[in-house]
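Student: Please see the structure below; I have some questions.
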Amino acid sequence: MKTINGSRYIPFITLSLSEPKQRIWITLSGCNFNCKGCFSGARDTVGVPMTVDGLINWVEKSSRTYKDNIGPLEEAIITGGEPTLDKDFLRDLVLNLKMRVGVKHITLSTNGFLLDREFVNDLKDLGLNEVKLDLKAYNDAIHKWYTGMSNRPVLKAVRNLYNGKLDFRVETVLMPKIVDVAEIEQIASFLALIDPKIKYKVVKFAPGEAREKVTRRPSDVEIQLAVNSASTYLLNVAGGKACVHAATEPRAEGTKKWVRVYPDMKTETIIAKPGGFEVS
Ligand code: SF4
């Protein structure tokens, strides 16, 4: 999917409200994958079309509204949907977040399919600090069945990130009887051939949030087995929940809070609760 007139559809942006360091999640909608277990409402083209300039104005206005409580905007996570669909838009967004807004740390969350060598180098030069790359499966038949696309460009993207010296980590969702420990082991072995220090995380499939409940939620024991298996190849392996930063950190009830800001500046508050989130 390409954008219209240099715009991308954006449903909302999300700001952290409970940390000394202010973070923002920028959700760009639309995706080139069709994952059966997709948990993102932004896979479809939802929201309103926005240019980078319009988006940056919205980010600055939203950030200013909460600045007194939580300090200046320090970190941005660009997510989706799939943020790489329009390369020029993403290049421009990274540059503007860095130079105009002054964001110190920018993370891109991506399925990696479009991360060719030139694009990786461009993003690094423009100020991108980190990439979280989802590698859904090593077996291409499983990958095609699950996403509708080959994993070959994604495997190449791992090498591009490594060769481009852009900080990155790889995540895989453990899906019992689909992407099992044997798949995790293959991925870990592939990553270790590049560098055993590559950061790798195994996360739980969450059927409650998935479009198709293709399998069940793995147990903590299964996650640990997968982590142990990957750790025989890699030095930095973790297991946990699938979310960049926020939900991966320990939280007590009510202590983590975010505000979701819509294009018309209407807001929703999200509070972490055991087993989920309360939206008001
Ligand atoms: S890559 Fe992400 S957003 Fe796209 S379909 Fe897969 S899970 Fe959904």
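Student: Given the criterion at pLDDT below 95 and of a type in the set (A, V, I, L, M), identify the matching residue among Ala188, Ala210. So that I can check it myself, show each step before the final result.
Tutor: Working: Ala188 fails: at pLDDT below 95.
Only one candidate qualifies: Ala210.
Student: Something else about it: Pick from the stretch 32-46 the residues that are outside any helix (DSSP H, G or I) and within 26 Å of Lys256 (Cβ to Cβ): which of them is farthest from the ligand (Cβ to nearest atom)? Lay out the reasoning, then the answer.
Tutor: So in the stretch 32-46, the residues outside any helix (DSSP H, G or I) come out as 32-40, 44-46.
When the remaining residues are screened for being within 26 Å of Lys256 (Cβ to Cβ), the result is 37-40, 46.
Details: Gly37: 7, Cys38: 3, Phe39: 6, Ser40: 4, Val46: 12 Å.
Selected residue: Val46.
Student: Considering only the stretch 1-56, state which residues are at pLDDT 90 or above and among the charged types (D, E, K, R). Let's see the steps before the verdict.
Tutor: We begin by selecting, within the stretch 1-56, every residue at pLDDT 90 or above; these are 7-15, 23-56.
Correct list: Arg8, Arg23, Lys36, Arg43, Asp44, Asp53.
For (1) in contact (Cβ under 8 Å) with a residue 60 or more places away in the chain; (2) in contact with a Lys or Arg (Cβ under 9 Å, 6 or more places away or on another chain), each residue gets a yes or a no:
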{"site": "Arg64", "(1), (2)": "no, no"}
{"site": "Ile77", "(1), (2)": "yes, yes"}
{"site": "Leu85", "(1), (2)": "yes, yes"}
{"site": "Arg100", "(1), (2)": "no, no"}
{"site": "Lys104", "(1), (2)": "no, yes"}
{"site": "Leu114", "(1), (2)": "yes, yes"}
{"site": "Asp122", "(1), (2)": "no, yes"}
{"site": "Leu126", "(1), (2)": "no, yes"}
{"site": "Asn129", "(1), (2)": "no, yes"}
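Student: (1) surrounded by fewer than 22 Cβ atoms within 10 Å (Cβ to Cβ); (2) closer than 20 Å to Lys257 by Cα; (3) more than 16 Å from the ligand (Cβ to nearest atom): which one isn't true of Pro49, the others all being true?
Tutor: (2)
Student: If you don't mind, there's one more thing I want to ask. Condition first: surrounded by 15 or more Cβ atoms within 10 Å (Cβ to Cβ) and at positive phi. Now tell me which residues in the stretch 113-159 satisfy that.
Tutor: Gly127 - this is the single residue of the stretch 113-159 that is surrounded by 15 or more Cβ atoms within 10 Å (Cβ to Cβ) and at positive phi.
Student: While we're here: For the stretch 53-60, indicate whether the set of residues that are touching a residue at least 60 places away in the same chain (Cβ under 8 Å), more than 16 Å from the ligand (Cβ to nearest atom), crowded, with 17+ Cβ neighbours inside 10 Å and among the β-branched types (Val, Ile, Thr) is non-empty.
Tutor: At the first step, the residues of the stretch 53-60 found to be touching a residue at least 60 places away in the same chain (Cβ under 8 Å) are 58.
Subset that is more than 16 Å from the ligand (Cβ to nearest atom): 58.
Subsequent filtering for residues that are crowded, with 17+ Cβ neighbours inside 10 Å retains 58.
Retained after the next criterion (residues that are among the β-branched types (Val, Ile, Thr)): none.
The answer is no, given that none of the residues of the stretch 53-60 is touching a residue at least 60 places away in the same chain (Cβ under 8 Å), more than 16 Å from the ligand (Cβ to nearest atom), crowded, with 17+ Cβ neighbours inside 10 Å and among the β-branched types (Val, Ile, Thr).
Student: Sort out which residues of the stretch 14-25 are under 20 Å from Ile106 (Cβ atoms) and either within 14 Å of the ligand (Cβ to nearest atom) or polar (S, T, N, Q) (or both), and write them in order of number.
Tutor: Passing the criteria: Thr14, Ser16, Gln22, Trp25.
Student: From the set of residues in the stretch 93-112 that are part of a loop (DSSP other than H, G, I, E, B), open to solvent by less than 20 Å² (accessible area, probe 1.4 Å) and farther than 16 Å from Leu191 by Cβ, which is nearest to the ligand (Cβ to nearest atom)?
Tutor: In the first step, residues of the stretch 93-112 are kept if they are part of a loop (DSSP other than H, G, I, E, B); the result is 102-104, 111-112.
Now narrow it down to the ones that are open to solvent by less than 20 Å² (accessible area, probe 1.4 Å): 103, 111-112.
Those left that are additionally farther than 16 Å from Leu191 by Cβ: 103, 111.
Details: Val103: 23, Asn111: 4 Å.
Among those residues, the one meeting the criterion is Asn111.
Student: What about Phe89, is it in contact with a Ser or Thr (Cβ under 8 Å, 6 or more places away or on another chain) and assigned to a helix (DSSP H, G or I)? It would help to see each step written out before you state the result.
Tutor: On the way: in contact with a Ser or Thr (Cβ under 8 Å, 6 or more places away or on another chain): yes; assigned to a helix (DSSP H, G or I): yes.
For Phe89, the condition - in contact with a Ser or Thr (Cβ under 8 Å, 6 or more places away or on another chain) and assigned to a helix (DSSP H, G or I) - is met.
Student: Name the residues in the stretch 166-189 that are open to solvent by less than 20 Å² (accessible area, probe 1.4 Å) and part of a helix (DSSP H, G or I), would you?
Tutor: Of the residues in the stretch 166-189, the ones open to solvent by less than 20 Å² (accessible area, probe 1.4 Å) are 166, 168, 170-172, 174-176, 179, 183-184, 187-188.
Hits for the stretch 166-189 are Glu183, Ile184, Ile187, Ala188.
Student: Now a separate question. Within the stretch 59-85, which residues are more than 15 Å from Ile13 (Cβ to Cβ), modelled with pLDDT of 95 or more and in contact with a strand residue (DSSP E or B) (Cβ under 6 Å, 6 or more places away or on another chain)?
Tutor: Thr84
Student: Give the residues of the stretch 18-31 that are in a loop (DSSP other than H, G, I, E, B) and crowded, with 17+ Cβ neighbours inside 10 Å, sorted by residue number.
Tutor: Pass one, the stretch 18-31, residues in a loop (DSSP other than H, G, I, E, B): 18-21, 29-31.
Within the stretch 18-31, Glu19, Ser29, Gly30, Cys31 meet the criteria.
Student: If we scan the stretch 102-117, do we find a residue that is of a type outside the set (Ser, Thr, Tyr) and modelled with pLDDT under 95? Walk me through how you get there before you give the answer.
Tutor: Looking only at the stretch 102-117, we keep the residues that are of a type outside the set (Ser, Thr, Tyr), and these are 102-106, 108, 111-117.
So of that shortlist, the ones also modelled with pLDDT under 95 come out as 102.
Within the stretch 102-117 (the criterion being of a type outside the set (Ser, Thr, Tyr) and modelled with pLDDT under 95), the answer is yes, since at least one residue qualifies.
The values are calculated or read from the model by the stated rules, or taken from the named source; none is laboratory data. Computed from a predicted model, the values in this text were never measured in an experiment. Here the Cβ is made from the backbone with ideal geometry for all residues, glycine too, and neighbour counts use every protein chain on show. When the accessible area is computed, the model is the full protein with side chains, heavy atoms only, and any ligands, DNA or RNA have been set aside. Shrake-Rupley method; radii C 1.70, N 1.55, O 1.52, S 1.80 Å.
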